[in-house]
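For reference, the structure is listed below as structure tokens.
No lab work stands behind these numbers, since they all come straight from the coordinates. Remember, predicted model here, so these are calculated numbers, not experimental data. Cβ: placed from backbone, ideal geometry, glycine included. Neighbour counts: every protein chain shown.
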Amino acid sequence: MPIYEYRCPDCRARPAIFFRSLAAVEASPACPGCGSRRLTRLISRTSQVLSEDSRMEALSDSAQMAGVDENDPRSVARWAKRMGEGMGDDELGGDFDETVDEMESAAADNGDEEGGDELDSDL
């Protein structure tokens, strides 16, 4: 029982049409918006559900660390955001997002335009 997406050239709608059997796909469907039968089938987007182990393995790839300057708080914050997005929206919670935002704003408040030099001088 497939669902196909179409584009209607007449009313520019993008309906998703459910077919009860593969045999029904052979008939040309009508646009639910205007009734036109000149629909073009689209390639639908897909998604992949990854296990937690697969997500963690992808995050541990050393290529994820490319371009991260550990002396630049904004660079670290950008890296942390990418890691958080890779973990999923609900995994880390709102506190994580707030902490990363605070890292970025603290770097900006300290005038950290070129790197972490200003922060290092405080140490």
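Sites listed here are trypsin sites (Lys or Arg not before Pro) in the range 28-84 whose DSSP assignment is loop and whose Cβ has at most 13 other Cβ atoms within 10 Å: ARG37, ARG38, ARG45.
Put simply, the amide H of ALA13, placed in the peptide plane, has neighbours under 5 Å in CYS8, leaving out anything fewer than 5 places away on its chain.
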